[in-house]
Amino acid sequence: MAESVTVQPVLNETNNDTLANATAKIPATPEGMAVAYTSLFLMAIFPIFVGAFRSVKHHKEQKISFQESGEKPDTMSSKDAAMFPIIASCTLLGIYIVFQLFSKEYINLLLAVYFFFLGVLALAHIGSPVVSKFIPPSFPNLDYHLTFTQGKGDKKEEIMNYEFDRKDLVCLGLCSAVGIWYLAKKHWLANNLFGLAFAVNGVELLSLNRISTGCILLGGLFVYDIFWVFGTNVMVTVAKSFEAPIKLVFPQDLLEKGLAANNFAMLGLGDIVIPGIYIALLLRFDVSLKKNSKVYFYAGFVAYCLGLLTTIVVMHFFKHAQPALLYLVPACVGVPILVALVRGEVKELFSYEDHSEQKEELEGEKKEEKKAEVKKDK
């Protein structure tokens, strides 16, 4: 059988990952490769679709929370988006240097423990509503309220306020079992459960509030991805050394070896989450139009699918590492803007802001406070 390729991820701690390939083991069959690539593709689009709709619900909850507490939601500003590729580059280079100076076994052990806790919490956040549906009504459920504050009296500041019940504890126990399985075996199924949970949570909770901010972020990472993949060997070196569930994997020899398969195709979570938060913003823009249409979301989602397929095809044809954002960014940014041009809604698209209502309310409150101060002075 002729020598072929597997896919390996180009990873970094910022989760801006790249789909890559390198000559390694011989895939069992062309069918096995097709199964692996198709599975990775489906696992990549699932978190974006689910996370985007969850982000709409999360956005509504943030509005309610703002009305009750006046706490402004955290969002990424244009300055943050511009700085992100620089910070990501420094982080990637730092990880590369650390792996050159210290034993990667000890570093990966620390990472495994760190991602164990993160993975359990991320999986519990996603799985709790599902687990609750399977628990019988006769279950002796009780509610709990956990608060954590610092200071005394008027200076007391709330740091954590969390409500949960016994059903949530059951879910947390099941997710902990998955975490122990991952720590003990590093099995690819456990890795994927954590990876999917991270991806869905990332798309749901990470917030871009303006289309222009998303364009700045994706444009910067477009250059970042190309430079670190084609310009240096830093990203590939980190990818081979970094062991953590921040990638999705699927074996190409599954048909021959079953669950014991070990010849993996891989996709980094950054190539899912980074475009995913932009596509989620497009869905929230669709909702804001109140036209009972999701044309911008589906335009961005289909563009992502085509961009990812292009990445896989080019990678497989040239048998060389490919920066996935090279194909994903033009597709995800260009197609929705083209749709806006056709529909004559470019101004509406770029003027949309997630939390504009909260911003207006805050400005109104400040004006009222100033008026009150002026009256007191008089």
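Read-outs throughout are calculated quantities, based only on the coordinates presented, and are distinct from any laboratory measurement. All figures in this text were calculated on a predicted structure; none of them were measured in a lab. Counting neighbours? That spans all protein chains shown, and the Cβs are built from the backbone with ideal geometry, glycine included.
Can you list, bin by bin at 10 Å, the percent of alpha carbon pairs in the stretch 45-161, starting at 0?
Spelled out per bin, shortest first, that is 9, 18, 33, 28, 11, 1.
Given a Förster radius of 22 Å and the C-beta distance between THR29 and LEU259 as r, what FRET efficiency does 1/(1 + (r/R0)^6) yield to the nearest 0.05? Mind showing how you got there, number by number?
Details: r = 17 Å, r/R0 = 0.79.
The pair THR29/LEU259 has a calculated efficiency of 0.80.
Between LYS290 and LEU205, what FRET efficiency follows from the Cβ-Cβ distance if R0 is 22 Å, with the result rounded to 0.05? The partial results should precede the final answer.
Numbers: r = 24 Å, r/R0 = 1.11.
Approximately 0.35, to the nearest 0.05.
Output the peptides 116-128, 330-342 sorted from most to least packed, where packing is the average of other Cβ atoms within 10 Å over each peptide's residues.
Details: 116-128: 20.0, 330-342: 17.9.
So the peptides 116-128, 330-342, ranked by packing, come out 116-128, 330-342.
How much length, in nm to one decimal, is gained on full extension between ARG166 and PHE134, taken as 0.36 nm per residue of separation minus their Cα-Cα distance? Please list the in-between numbers first.
Values: separation 32, 0.36 × 32 = 11.52 nm, distance 1.34 nm.
Length gained between ARG166 and PHE134: 10.2 nm.
Be a star and scan the stretch 210-231 for residues whose amide nitrogen sits under 19 Å from the point 7 Å along the Cα-to-Cβ vector of LYS79.
210-218, 220
Note down the nm distance, to one decimal, between modelled labels 7 Å out along Cα→Cβ at LYS155 and at VAL313.
Distance between the two pseudo-spin positions: 6.5 nm.
What does the highest-first list of 198-209, 216-227, 161-172, 51-62 look like by mean Cβ count within 10 Å? Mind showing how you got there, number by number?
Numbers: 198-209: 22.7, 216-227: 20.2, 161-172: 15.8, 51-62: 18.2.
The packing order, highest mean first, is 198-209, 216-227, 51-62, 161-172.
Would you mind computing, in nm to one decimal, how far apart the modelled labels at TYR106 and ILE337 are, each placed 7 Å from Cα along Cα→Cβ?
The answer from the label model is 4.8 nm.
Taking 0.36 nm per intervening residue step and subtracting the Cα-Cα distance, what contour gain separates LYS60 from ILE180 on full extension?
Working: separation 120, 0.36 × 120 = 43.20 nm, distance 3.48 nm.
Full extension of this stretch gives 39.7 nm more.
Cβ neighbours within 10 Å, averaged per peptide: list 266-272, 279-285 in order, most packed at the top. Write out the running numbers ahead of the final one.
Details: 266-272: 28.1, 279-285: 25.1.
Sorting 266-272, 279-285 by mean packing, highest first, produces 266-272, 279-285.
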